[in-house]
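Here's the structure, in structure tokens; my notes come after.
The values are calculated or read from the model by the stated rules, or taken from the named source; none is laboratory data. The structure displayed is predicted, hence computed values, not measured ones. Please note: Cβ atoms are built from the backbone with ideal geometry, for glycine as well, and neighbour counts cover all protein chains shown. Just so you know, the surface numbers come from the protein's heavy atoms only, side chains and all, with ligands and any DNA or RNA stripped out. Shrake-Rupley method; radii C 1.70, N 1.55, O 1.52, S 1.80 Å.
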Amino acid sequence: MKAHLNGTVSSDMLTGLFAEKKWISSKFLYDEQGSQLFEQITDLPEYYQTRTEAKILLENLSAWKSVFRKPAALIELGSGSSKKTKILLDHVPNIESYIPIDISEEFLADTVTQLQALYPGIHIQGVSTDYTQPFTLPDLKGKKKIVFFPGSTIGNFEPREAELFLENIRSLLNPGDQLILGVDRKKDEAVLKAAYDDAAGVTAAFNKNLLTRINREHEAAIDVDSFSHVALYNPTAGRIEMHLESSREQVLTLGGQTIEVKKQERIHTENSYKYDPEDIIRLGRASGFLLRRVVSDEREYFSVCLMEVV
Ligand code: AVJ
């Protein structure tokens, strides 16, 4: 039984629930509630990623200044509220244009208005698109391009997808253009696990919100409390995995179709790959970038990588 072959259940979100190994794509974590929960995650004591990256950006201004030695355009993938970008906009001269790219059109328009008022000297032009799909940039008049992809978002791609994605970004650039890429490093398993299974249960709520979303958008009646949040480190793959584990045997009803779930069966909901410099070198080689510099915090929990188009 294939969900998408049947007129009643045709959503991308549900396809994986009919598979042998059940899964839901992590891109569905970010509805309004999920985006708010993710914002809360970034403030958790266990979730070191966001504050570590911000600290790296703020404490290594000379590195970013040298990237913008010549006037250039800054292009951000998945800009959101552009919180981290403000560190660059505030301290780095020579950013002539800023192109925030985000899927949420409304949110992007608000951000552009606010930023333009804050930075009247920078030409700001938002592009509302799903940047994981091929897209085009506005005409930047031959200006040097610097792509900013912070937040370790690259970790949500499968390794092969990450290569194809960066190859696609590479196709928008010219030799000498650069990529500033934020990645979460491989590290002690306990540190990683705590970051994805916090004491306050915010990450658990973020994960379970997927089921709440399915209930709302597909008139399902999944008992959300019968699933628990599982976060584990898969050392072979070098990734954190999130799953939803059923505490009992049950049958889910979705748009007239049923799905049997065994006791302790898991639905795989996210992979978050961790990258060490050697992994970044490999990723760059496969996609047309040379790793020029790795800037990290003192514990080497997180790295901001400077990569150049070859
Ligand atoms: C937004 C993909 C970087 O993988 O760390 C946080 C998402 N998932 N807690 C990450 C997430 C669970 C986050 N990224």
Neighbour cut-off at most 16 other Cβ (10 Å), DSSP loop, GluC sites (Glu not before Pro), segment 8-80: Glu20
What's the magnitude of the charge dipole for the chain around its Cα centre, counting Lys and Arg as +1 and Asp and Glu as -1 at the beta-carbon? Answer in Debye, nearest 20. 960 debye
Per residue, the convex hull enclosing the alpha carbons of the chain has a volume in Å³ of 139 Å³
When the chain is fully extended, how far beyond the present Cα-Cα distance does Ser11 get from Arg51, taking 0.36 nm per residue of separation? 10.9 nm
At a Förster radius of 41 Å, what calculated FRET efficiency corresponds to the Cβ-Cβ distance of Arg285 and Asp225, to the nearest 0.05? 0.30
For Arg293, the residues 5 or more places away or on another chain with a placed amide H closer than 5 Å to its own amide H are Leu306
As an exercise, find the ratio Rg/Rh for segment 158-310 from alpha-carbon atoms, using the Kirkwood inverse-distance average for Rh. 1.09
In nm, what is the difference between 0.36 nm times the number of residues separating Glu189 and Gln125 and their Cα-Cα distance? 18.9 nm
At each listed q (0.12, 0.21, 0.25 Å⁻¹), what is the log10 of I(q)/I(0) that the Debye formula gives for segment 54-137 modelled as equal alpha-carbon point scatterers? -0.34, -1.00, -1.26
Diffing segment 242-256: the Karplus 3J(HN,Hα) column from phi (6.51, -1.76, 1.60, θ = phi - 60°), in whole Hz with x for Gly and Pro, holds 10, 9, 10, 10, 7, 7, 8, 6, 7, 10, 8, 10, 10, x, x
Theoretical gain in end-to-end length, Glu298 to Lys141 [0.36 nm per residue, Cα-Cα removed]: 52.6 nm
Give me the 1.4 Å probe accessible area per residue for the chain, excluding ligands and nucleic acids, in Å². 48 Å²
Pull up all non-local amide H partners of Gly151: gap of 5 or more, or a different chain, and H-to-H distance under 5 Å with H placed in the peptide plane. Gly182
Column: log10 I(q)/I(0), Debye, Cα scatterers of segment 268-310, q = 0.13, 0.21, 0.31 Å⁻¹: -0.32, -0.71, -1.08
Specify which residue in the list Val251, Gly182, Thr212 is farthest towards the positive end of the charge dipole of segment 114-263, using unit charges on the beta carbon of Lys, Arg (+1) and Asp, Glu (-1), about the Cα centre. Gly182
Show which lysines lie in cross-link reach of Lys186 when reach means a straight Cα distance below 16 angstrom and same-chain residues fewer than eight apart are skipped. Lys274
Carbon and sulfur %, accessible surface of segment 211-293 computed with the full protein complex present, 1.4 Å: 44 percent
Each residue of segment 173-189 in order: what ³J(HN,Hα) in whole Hz does its phi give by Karplus 6.51 cos²θ - 1.76 cosθ + 1.60, θ = phi - 60°, with x for Gly and Pro? 10, 10, x, x, 5, 10, 10, 9, 10, x, 10, 8, 8, 5, 6, 3, 4
Where Cα atoms sit under 18 Å apart: lysine pairs in segment 60-181 separated by 8 or more or lying on different chains: 10
What ranking of Thr85, Thr212 comes out by heavy-atom accessible area, probe 1.4 Å, highest first? Thr212, Thr85
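Please work out the ratio of the alpha-carbon Rg of segment 192-231 to 2.2 N^0.38 Å and round it to two decimals. Mind dumping the intermediate values first?
Details: Rg = 11.3 Å, N = 40, 2.2 N^0.38 = 8.9 Å.
Scaled against compact globular proteins, the figure is 1.27.
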Rounded to the nearest 20 debye, what is the charge dipole size of segment 221-260 about its Cα centre when +1 sits on each Lys and Arg Cβ and -1 on each Asp and Glu Cβ? 160 debye
Using 7 Å Cα-to-Cβ label points, what is the Ser247/Leu164 separation (nm, one decimal)? 3.9 nm
Per-residue HN-Hα couplings for segment 272-285 [Karplus 6.51, -1.76, 1.60; θ = phi - 60°; Hz; x = Gly/Pro]: 10, 6, 9, 10, 9, x, 4, 5, 5, 4, 4, 4, x, 4
